[in-house]
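Engineer: Below are the structure tokens for one structure; questions will follow.
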Amino acid sequence: IHEPPHSSQSISLSLDSHALHNQFDELSAFSDSPHPSVTRVLYTDKDVLARRYVKNLMEIAGLSVREDAIGNIFGRWDGLEPELAAVATGSHIDAIPYSGKYDGVVGVLGAIEAINVLKRSGFKPRRSLEVILFTSEEPTRFGIGCLGSRLLSGSENLASALKTTTDSQNISFLDAARSAGYAKDIDDLSSVFLKKGAYSAFVELHIEQGPILEDEGISIGIVTAIAAPASLKVEFEGNGGHAGAVLMPNRNDAGLAAAELALAVEKHVLESGSIDTVGTVGILELHPGAINSIPSKSHIEIDTRDIDEERRNRVIEKIHQSAIKITKTRGVKLSEFSIINQDPPALSSEAVIKAVETATRELNLTSKLMISRAYHDSLFMARLSPTGMIFIPCYKGYSHKPEEFASIQDVANGVKVLASTLAKLSLQ
Ligand code: HGY
Ligand code: MN
Ligand code: MN
Ligand code: MN
């Protein structure tokens with residue numbers, strides 16, 4: 001049997017930051033929108049090309065690569081005791097329309113480079129290390145966030161919902177997955193589920209997607225909790241009609257119903273009693289969408305979050321009450337009010353927080369404990385194993401838009417902290 005290496009191998013971390021920087025540019029070219037924006041939606045051709053690019057980097061890093069039925073990709077470095085639960089890290093490469101090239105990508109390319117850094121240093125992991133590319137973190141195509149990690153964490157609801165889910169072009173999830181080379185001859189997605197304890201720890205490197213670290217000149221954010229996300233789909237129906245001929249008292253305008261509900265979302269969120277409650281109407285579609293036709297149908301999608309789950313749920317309840325009130329005052333029908341997801345927050349594990357804190361101290365980097373207002377795959381990995389996140393600053397906190405930017409230095413700091421954290425967790 002192998003003598004496990006003594007607890008803290010001192011490792012010198014040499015990082016190829018220019019090669020890594022080029023990888024961000026190369027990966028961002030796999031996009032369905034013009035540079036500098038990135039659009040990379042689950043199972044599209046660009047997504048498949050980007051996956052191939054990342055798998056190639058994993059192989060060059062000497063990782064053994066496997067993919068599950070829906071395209072979660074795992075790159076593994078066997079440790080000296082491969083029978084022990086591995087330490088995992090990873091993030092996503094899918095990108096919402098017209099977004100940036102760092103959200104998620106930092107935690108995938110950075111994780112592969114962290115493996116390279118450890119290999120260059122001569123480090124030998126006791127527990128195996130795994131880099132995970134989660135198949136889709138953004139809700140863009142099938143309306144559910146963290147689809148890959150949510151399924152890995154054992155969501156029965158999602159496993160059955162995905163059998164019938166279709167995208168806005170009416171393409172089913174399974175057909176889309178098969179067009180990308182996944183979900184071959186299976187329709188039981190529970191094969192994707194991982195067991196609790198599948199990993200001894202999970203750590204995700206990600207840009208902050210907020211301005212705090214940059215404003216305060218701090219190099220590393222150590223995430224203590226991830227806010228509780230929820231998303232709703234609402235539809236109103238009215239009689240529609242000719243924009244010139246139908247007089248105002250005779251209208252039941254589904255478009256105005258949606259507009260009123262959007263303002264009600266803002267009102268209920270602002271009245272929640274806490275700055276931590278947020279609400280957004282990012283999708284508002286009118287049918288038939290003609291200037292001279294009174295909207296007969298409206299479709300709105302609402303994203304609301306809070307670090308306090310009960311407070312968030314109270315806001316959802318008030319939004320529902322407002323939707324019902326609007327049907328009465330405007331004479332429209334509430335043809336749909338569905339809660340797509342209503343997730344609890346996730347708390348980071350003390351052990352992982354400690355490992356990240358020690359790593360930042362050893363690397364003489366400033367750090368700060370903070371919550372994540374954005375959700376991440378870590379929200380679901382926390383249901384499987386002790387989890388934590390490492391944040392790096394991003395320019396003015398910009399994210400989900402083409403101006404998103406993280407400097408070579410900040411990415412390098414994040415990669416070094418991740419490498420050192422993985423080393424520590426692997427020896428535990
Ligand atoms: O919306 C989010 O919080 C994540 O960036 N998908
Ligand atoms: Mn995102
Ligand atoms: Mn992300
Ligand atoms: Mn006409």
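The values are calculated or read from the model by the stated rules, or taken from the named source; none is laboratory data. Please read all numbers here as calculations on a predicted model, not as lab measurements. Positions of Cβ are backbone-derived with ideal geometry, glycine not excepted, and every protein chain shown enters the neighbour counts. With ligands, DNA and RNA removed, areas are computed over all heavy atoms of the protein, side chains included. Shrake-Rupley method; radii C 1.70, N 1.55, O 1.52, S 1.80 Å.
Engineer: Please give, to one decimal in nm, the separation of the simple spin-label points placed at LYS119 and LYS55, each 7 Å out from Cα toward the Cβ.
Structural biologist: Placing both labels 7 Å beyond Cα along the Cβ direction yields 1.8 nm.
Engineer: Hey, quick one: spin label on ILE291, modelled 7 Å out along Cα-Cβ, who in the range 242-277 has an amide N within reach, i.e. under 15 Å?
Structural biologist: Correct set: 243-244.
Engineer: Then there's this: What residues of the range 259-292 lie in the reach of a label at LYS401, counting those whose backbone N is under 14 Å from a point 7 Å from the Cα along Cα→Cβ?
Structural biologist: So the set is empty, nothing qualifies.
Engineer: What angle, in degrees between 0 and 90 and rounded to the nearest 10, separates the Cα long axis of helix 105-120 from the longest principal axis of the Cα atoms of the chain?
Structural biologist: The answer is roughly 0 degrees.
Engineer: How many nm separate the modelled label positions at GLU83 and LEU284, each set 7 Å beyond the Cα in the direction of the Cβ?
Structural biologist: 6.1 nm
Engineer: Next up: Between the range 153-180 and the range 127-149, what's the alpha-carbon centroid distance in Å?
Structural biologist: So the separation of the two Cα centres works out to 14 Å.
Engineer: I would also like to ask the following. Which order do LEU57, LEU284, LEU270 take by accessible area at a 1.4 Å probe, largest first?
Structural biologist: Numbers: LEU57 25, LEU284 85, LEU270 130 Å².
I get LEU270, LEU284, LEU57, largest accessible area first.
Engineer: As a test of reading the structure, rank HIS18, HIS287 by solvent-accessible area (1.4 Å probe, protein chains only), most first. Provide the component values of the computation, followed by the final result.
Structural biologist: Numbers: HIS18 120, HIS287 95 Å².
Largest accessible area first, the list is HIS18, HIS287.
Engineer: Here's something else I'd like to know. Between the helical axis of 17-28 and the dominant principal axis of the chain, each derived from Cα atoms, what acute angle in degrees is found, rounded to the nearest 10?
Structural biologist: Roughly 30 degrees between the two axes.
Engineer: Is the range 346-407 best put as rounded, prolate or oblate by its Cα gyration tensor, with a ≥ b ≥ c the root eigenvalues, rounded for a/c under 1.5, and otherwise prolate when a/b is larger than b/c, oblate when not? Walk me through the numbers before you get to the answer.
Structural biologist: Numbers: a/c = 2.78, a/b = 1.21, b/c = 2.29.
It comes out oblate by the Cα gyration axes.
Engineer: Another one. Using only the Cα atoms of the range 383-428, build the gyration tensor, take square roots of its eigenvalues as a ≥ b ≥ c, and label the shape rounded, prolate or oblate: rounded if a/c is under 1.5, else prolate if a/b is larger than b/c, else oblate.
Structural biologist: The shape class here is oblate.
Engineer: Quick one: accessible area per residue over the chain, 1.4 Å probe, rounded to a whole number of Å²?
Structural biologist: Per residue, the chain has an accessible area of 42 Å².
Engineer: First compute the accessible area of the chain with a 1.4 Å probe, then give the percent of it belonging to carbon and sulfur atoms.
Structural biologist: 53 percent
Engineer: Then there's this: So for the chain: antiparallel DSSP bridges make up what percent, rounded to the nearest 5?
Structural biologist: Within the chain, antiparallel bridges account for around 65 percent of the total.
Engineer: Moving to a separate point now. By its C-alpha gyration tensor, with a ≥ b ≥ c as the square roots of the eigenvalues, how is the chain shaped: rounded for a/c under 1.5, else prolate for a/b larger than b/c, else oblate?
Structural biologist: Prolate shape, in that a/c is at least 1.5 and a/b is the bigger ratio.
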